Amino acid sequence: MFKNFKLYILFSITTVFFICLPFESLAHGVDESTRAFLLNNSGVQLIPFLYIGAKHMVTGYDHLLFLVAVLFFLYKSRDVFLYVSMFTLGHSLTLLFGVLGNIQVNPYLIDAIIGLSVVYKGFDNLGGFKRLFSTPPNPKVVVLIFGLFHGFGLATKLQELQLAEEGLLANLIAFNVGVELGQFMALAFILLIFNFWRKYNSFNRFAITTNSLLMSAGFILTGYQLTGYALS
């Protein structure tokens, strides 16, 4: 029992850590060194954009929290692959078309929706939609739709920097590949923790508390972004 309690405390501290991050981290903006590089970049720069994409995903706490919520009750490798593929398809499409098509979306509102995606999935994990609806929303379609919003969130960060047209497509593809590499690294880490924790009875015992913490994190992210929108 003591081991189970320690595992729960470790996971809870990790989740609370995400909740208590500074607001700049919650916004998952572009750091100054990366911003300076992107503003002064010209031509095809595949490796730097690959690195920046991976870094952005690994430090994108809202994306990571959503992945945690999506993967929480997925036990089969086939299901993990399917859901992650739907998410990847969604955010890849809107990342590329958002920047190339210069689709203007308010970044605060997009990030607020991304925060709500964490709330939604945490509530879904708690069985909330099964209680509310006789036929709950298709979870795969929902993950795809939220993936589209997550991609717009990535696109808005790049649009703010007004990237050079020269080599833009190649650089965007490299950035997106980097995002996928970062997602793969995060995915491996999350699954490693889950596969270890699922060996103990505490996983199911604390599922409600853990998903409630995820919902709390999502509400905080959403509130922060809506506050930014109201003040902007």
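The numbers here are math on the coordinates, done by the rules we state, and not lab data. Remember, predicted model here, so these are calculated numbers, not experimental data. Note that we place each Cβ from the backbone using ideal geometry, even for glycine, and neighbour counts take in every protein chain shown.
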Between the modelled labels at Gln162 and Val44 (7 Å from Cα along Cα→Cβ) the distance in nm is 2.6 nm
Once Lys and Arg are counted +1 and Asp and Glu -1 for all other residues with Cβ under 14 Å from that of Phe66, the total becomes -2
Calc'd 3J(HN,Hα), the range 195-205, phi into Karplus 6.51 cos²θ - 1.76 cosθ + 1.60 (θ = phi - 60°), Hz, glycine/Pro = x, comes to 4, 6, 5, 5, 6, 10, 5, 5, 4, 6, 5
Cα-Cα pairs in the range 42-231 separated by more than 31 Å, as a whole percent of all pairs, come to 19 percent
Computed ³J(HN,Hα) along the range 168-176: with the Karplus parameters 6.51/-1.76/1.60, θ = phi - 60°, integer Hz and x for glycine or proline, the list is 4, 4, 4, 5, 5, 4, 4, 4, 5
Inter-part gap, Cα centre of the range 65-91 to Cα centre of the range 138-187, in whole angstrom, is 16 Å
Residue span Leu191 to Gln104: 0.36 nm per residue of separation minus Cα-Cα distance leaves a gain in nm of 27.8 nm
The relative contact order of the range 42-231, taking Cα pairs under 8 Å that sit 6 or more residues apart, comes to a percentage of 45 percent
Here the residues of the range 136-155 lying in the modelled label zone of Lys76, meaning backbone nitrogen under 20 Å from a point 7 Å along Cα-to-Cβ, are 136-144
